[in-house]
1. For residues in the range 145-184 being polar (S, T, N, Q) and in a loop (DSSP other than H, G, I, E, B), which is farthest from the chain's Cα centre (by Cα)?
2. For residues in the range 33-71 being within 17 Å of residue 2 (Cα to Cα) and among the acidic types (Asp, Glu), which is farthest from the chain's Cα centre (by Cα)?
3. Can you tell me how many residues in the range 18-67 are in contact (Cβ under 8 Å) with a residue 60 or more places away in the chain and in contact with a Leu (Cβ under 9 Å, 6 or more places away or on another chain)?
4. Having 3 or more residues that are touching a strand residue (DSSP E or B) at 6+ places or on another chain (Cβ under 8 Å), buried (at least 19 other Cβ atoms within 10 Å of the Cβ) and not charged (D, E, K, R) is the bar; report the strands (runs of 3 or more DSSP E) wholly within the range 40-130 that clear it.
Amino acid sequence: MDVVLASASPRRRKLLLKIAKRFRVSAANIDESIHSGEPFSKACVRLAEKKAEAVAAKEKGAVVIGADTIAYLGQRNFRKTDDGGKAKKILLFLRGKTHYVITGVCVIFPGGKKVKYSVKAAVRMKKYGEKGLASYLKSGEWKGRAGCYDISGRGKKLVAGVRGEKETVIGLPLRKLRLVLKGN
């Protein structure tokens with residue numbers, strides 16, 4: 001089976017290696033904006049589908065996997081940023097609270113069949129201090145991560161616990177993806 005991951009994320013690549021030993025990577029360049037009033041559960045699936053479609057158009061005959069991750073609390077979402085000031089505000093807002101991370105996935109099979117779904121996890125953040133937060137921000141690891149932390153790296157020190165699949169928080173929920181790939 002020829003598998004293509006429609007993502008440049010090294011974390012998604014590492015996760016996919018756990019269930020697919022051979023695959024290629026082809027990043028999709030799409031507008032990742034969330035529409036006003038769009039539920040996050042719908043937005044992440046829509047964006048995953050757009051990524052998968054963009055890559056499937058040039059990768060005929062391959063199984064293409066697209067994914068998109070959104071961290072949120074209430075109506076506020078915390079998308080990836082490269083702005084240190086924004087990241088600090090987000091992490092201060094999340095400190096001591098439980099927020100949600102939802103990852104949408106779209107798998108497009110040769111012939112056009114699509115399987116789309118989302119998986120949600122709850123993440124409880126520690127009440128970290130200014131010093132620990134400053135050290136984490138200085139590391140730069142938060143760049144390009146939903147919620148401005150990487151639970152698979154140094155950012156795990158900011159997290160008190162996860163309810164749900166940790167891989168959902170990292171960016172590619174594997175349990176269901178494994179079943180989807182085996183079923184076709």
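Computed from the coordinates by the stated procedures, all read-outs in this text should not be read as laboratory data. This structure is a prediction, so every number in the text was calculated from the model and none was measured. Here the Cβ positions follow ideal geometry from the backbone for every residue, glycine too, while neighbour counts run over all protein chains shown.
1. The extreme case among them is 184.
2. 59
3. Residues flagged as in contact (Cβ under 8 Å) with a residue 60 or more places away in the chain and in contact with a Leu (Cβ under 9 Å, 6 or more places away or on another chain) within the range 18-67 amount to 8.
4. 63-73, 98-108, 114-125
Listed here are the residues, each with its yes/no results for (1) in contact with a His (Cβ under 9 Å, 6 or more places away or on another chain); (2) in contact (Cβ under 8 Å) with a residue 40 or more places away in the chain; (3) within 22 Å of residue 32 (Cβ to Cβ).
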| site | (1), (2), (3) |
| --- | --- |
| 138 | no, no, no |
| 143 | no, yes, yes |
| 146 | no, yes, yes |
| 151 | no, no, yes |
| 155 | no, no, yes |
| 158 | no, yes, no |
| 163 | no, yes, no |
| 166 | no, yes, no |
| 182 | no, no, no |
